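Peer 1: Following this message is one structure expressed as structure tokens.
The values are calculated or read from the model by the stated rules, or taken from the named source; none is laboratory data. It should be emphasised that the depicted structure is a prediction, and the values quoted were computed from it without experimental measurement. Neighbour counts run over all protein chains shown; Cβ positions are idealised from the backbone, glycine included.
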Amino acid sequence: MSKARQLADLGNQVDDGAITGSNMIINGAMNVAQRSTSETGLGNGTNSYKTVDRYTTYISGLGTWTQSQDTNAPEGFGHSLKVLCTAADASPAASDRMLIQTKLEGQNVQSLGFGNTSNTYTVSFYVKSNVTGTYILEQYGDSASATGNNISTAYTINSANTWERKVITLNVDSGAMTANNTSGLVMSFWLGSGTNYTSGTLNTSWSSPAAADRAVGQVNLASATNNYWQITGVCLNVGDSAIDFPHESYGDTLAKCQRYCQKIRTGTDAGFGMYHSYTANATYAPIQLPVTMRATPSASITDGNAVTLFTGGTNYNPSATGFINASPSSVEVKFGTTGNATAGDTGWYRLQAAFTMILNAEL
């Protein structure tokens, strides 16, 4: 590369915010996976976050899959998100599809300047698959925002089993993006689809397309078992050139992810926290969250029977576990005590086995 080209590229990166490391994607290096590092048997009806934080999986009738946080990654990265086909679907039904999505809050993408079509932004990422051909990245201004439009861009995996960097530059939509904490910009990486989404003309400009125009040309990753697709280094920045991926510490990435998901897990014989007794039959453990969440979270609790109430030198097993009085910054867990507590008392909860609670405030 010539010195003049290097200087020109550097100038573009300065103009586009590379000096400040302005990547709007959270967990683009796939380093954080609070829920799990591997999930198997993902199939029809899957529509949730499974492994790597901030990337949700949507499957409608297209094969069966394993998803994992993988340590195979291009130079400079430690992890990738990988999907592996374990049960093929070589002839998808018309309505079948599979997507990997990441969603951004409307208030976090204001610098893209939606509403002024002369503004540009750039998406870049590293991708790898054993299946070469055309893949589709679809982006959507969510219904909570003023845009409500889609745009689809094709990219090509040229060499099998090889990490390749892709760069996509777009002008923004003419509709402004609402500045709030709801879903603003949605990025969907298609991995397969039926004819309902591929039989038209690819929608390459912001519009409200027919379904048939959304994923035209998309390869069917479900065509054979052991087909796979991996991605990492996902970056979205203002301007018409891709910035160098701005790496950050694991702690910084984790804190950003915890705005949407927090996993509270403790080990055997650990203290869960102090409690206060409202009645003889109910005790409550308040938890101040380390990061304020996007919205009031919901909760799923597993291994609730691992918790014991320790009071008066005796352990008691709670009769039930609940979740009450939540806010974005704190939650309370309720443990029934079937008369073993005394109203007005305080004490502490002890764990005799692992206890897990997932707090969810995802978009």
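Peer 1: Could you say which residue among ALA144, ALA73 is over 24 Å from GLY194 (Cα atoms) and touching a His at 6+ places or on another chain (Cβ under 9 Å)?
Peer 2: Exactly one of ALA144, ALA73 is over 24 Å from GLY194 (Cα atoms) and touching a His at 6+ places or on another chain (Cβ under 9 Å), namely ALA73.
Peer 1: Could you please find all residues in the stretch 101-146 being over 21 Å from ASP240 (Cα atoms), polar (S, T, N, Q) and over 21 Å from the mean Cα position of the chain (by Cα)?
Peer 2: Within the stretch 101-146, ASN130, THR132, THR134 meet the criteria.
Residues checked against (1) of a type in the set (A, V, I, L, M); (2) surrounded by fewer than 18 Cβ atoms within 10 Å (Cβ to Cβ):
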| residue | (1), (2) |
| --- | --- |
| TYR197 | no, no |
| VAL216 | yes, no |
| ASN227 | no, no |
| ARG259 | no, no |
| ASN281 | no, yes |
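Peer 1: Every residue in the stretch 81-107 that is among the small types (Gly, Ala, Ser) and farther than 30 Å from ASN181 by Cα, please.
Peer 2: ALA87, ALA88, ALA90, SER91, ALA93, ALA94, SER95
Peer 1: Please specify each residue of the stretch 151-182 satisfying the condition of being touching a strand residue (DSSP E or B) at 6+ places or on another chain (Cβ under 7 Å), modelled with pLDDT under 95 and small (Gly, Ala, Ser).
Peer 2: Within the stretch 151-182, GLY175 is the sole residue that qualifies.
Peer 1: Please find, among GLY11, GLY21, the residue that is at pLDDT below 95, under 21 Å from the mean Cα position of the chain (by Cα) and either of a type in the set (Gly, Ala, Ser) or buried (at least 20 other Cβ atoms within 10 Å of the Cβ) (or both). So that I can check it myself, show each step before the final result.
Peer 2: Details: GLY11 fails: under 21 Å from the mean Cα position of the chain (by Cα).
After ruling out the rest, the residue left standing is GLY21.
Peer 1: Tally time: how many residues in the stretch 159-199 are assigned to a loop (DSSP other than H, G, I, E, B) and within 25 Å of ILE59 (Cα to Cα)?
Peer 2: Of the residues in the stretch 159-199, 7 are assigned to a loop (DSSP other than H, G, I, E, B) and within 25 Å of ILE59 (Cα to Cα).
Peer 1: Is it the case that the stretch 255-270 has a residue that's modelled with pLDDT of 95 or more, farther than 19 Å from ASN108 by Cα, under 24 Å from the mean Cα position of the chain (by Cα) and outside any helix (DSSP H, G or I)?
Peer 2: Of the residues in the stretch 255-270, the ones modelled with pLDDT of 95 or more are 255-262.
Still in the running and farther than 19 Å from ASN108 by Cα: 262.
Still in the running and under 24 Å from the mean Cα position of the chain (by Cα): 262.
Keeping just the survivors that are outside any helix (DSSP H, G or I) gives 262.
Within the stretch 255-270 (the criterion being modelled with pLDDT of 95 or more, farther than 19 Å from ASN108 by Cα, under 24 Å from the mean Cα position of the chain (by Cα) and outside any helix (DSSP H, G or I)), the answer is yes, since at least one residue qualifies.
Peer 1: Further question: Give the residue that is nearest to the chain's Cα centre (by Cα), with candidates limited to residues of the stretch 204-214 that are farther than 22 Å from THR56 by Cβ and buried (at least 18 other Cβ atoms within 10 Å of the Cβ).
Peer 2: TRP206
Peer 1: Oh, and also: Checking the conditions here, which among MET187, MET177 is in the same structural domain as ALA73 (by TED's automatic domain parsing) and touching a Gly at 6+ places or on another chain (Cβ under 7 Å)?
Peer 2: MET177
Peer 1: So, one more: Quick check on GLU105: is it buried (at least 19 other Cβ atoms within 10 Å of the Cβ) and of a type in the set (Asp, Glu)?
Peer 2: Taking the combined requirement at face value, the residue satisfies it.
Peer 1: With (1) surrounded by 20 or more Cβ atoms within 10 Å (Cβ to Cβ); (2) at pLDDT below 95; (3) within 24 Å of the chain's Cα centre (by Cα); (4) of a type in the set (A, V, I, L, M, F, W, C) as the list, and LEU191 as the residue in question, which single condition is left unmet?
Peer 2: Going through (1) surrounded by 20 or more Cβ atoms within 10 Å (Cβ to Cβ); (2) at pLDDT below 95; (3) within 24 Å of the chain's Cα centre (by Cα); (4) of a type in the set (A, V, I, L, M, F, W, C) one by one, LEU191 breaks only (2).
Peer 1: Residues to consider are SER111, SER95, SER118; find the one that is free of Cβ contacts under 8 Å to residues at least 60 places away in the same chain and surrounded by fewer than 21 Cβ atoms within 10 Å (Cβ to Cβ).
Peer 2: Criteria check complete, one pass: SER118.
Peer 1: For the stretch 69-78, does any single residue satisfy the condition of being of a type in the set (S, T, N, Q), surrounded by fewer than 17 Cβ atoms within 10 Å (Cβ to Cβ) and not in a loop (DSSP other than H, G, I, E, B)?
Peer 2: No: the stretch 69-78 contains no residue that is of a type in the set (S, T, N, Q), surrounded by fewer than 17 Cβ atoms within 10 Å (Cβ to Cβ) and not in a loop (DSSP other than H, G, I, E, B).
Peer 1: VAL131: assigned to a loop (DSSP other than H, G, I, E, B), closer than 30 Å to SER199 by Cβ and modelled with pLDDT of 95 or more, yes or no?
Peer 2: Considered against the rule, which asks whether it is assigned to a loop (DSSP other than H, G, I, E, B), closer than 30 Å to SER199 by Cβ and modelled with pLDDT of 95 or more, VAL131 comes out as yes.
Peer 1: A further question follows. Conditions first: (1) surrounded by fewer than 20 Cβ atoms within 10 Å (Cβ to Cβ); (2) in contact (Cβ under 8 Å) with a residue 24 or more places away in the chain; (3) out of contact with any Lys or Arg (no Cβ under 7 Å at 6 or more places or on another chain). ASN237 passes all but one, so which condition is the exception?
Peer 2: (1)
Peer 1: Among the listed residues THR169, THR201, which satisfies the condition of being over 26 Å from GLY43 (Cα atoms), free of Cβ contacts under 8 Å to residues at least 24 places away in the same chain, in the same structural domain as GLN67 (by TED's automatic domain parsing) and touching an Asp or Glu at 6+ places or on another chain (Cβ under 6 Å)?
Peer 2: THR201
Peer 1: Another question, if that's okay. If you scan the stretch 240-254, which residues turn out to be surrounded by 15 or more Cβ atoms within 10 Å (Cβ to Cβ) and either touching a Leu at 6+ places or on another chain (Cβ under 7 Å) or not in a loop (DSSP other than H, G, I, E, B) (or both)?
Peer 2: If the condition is that a residue be surrounded by 15 or more Cβ atoms within 10 Å (Cβ to Cβ) and either touching a Leu at 6+ places or on another chain (Cβ under 7 Å) or not in a loop (DSSP other than H, G, I, E, B) (or both), then THR253, LEU254 are the ones that fit.
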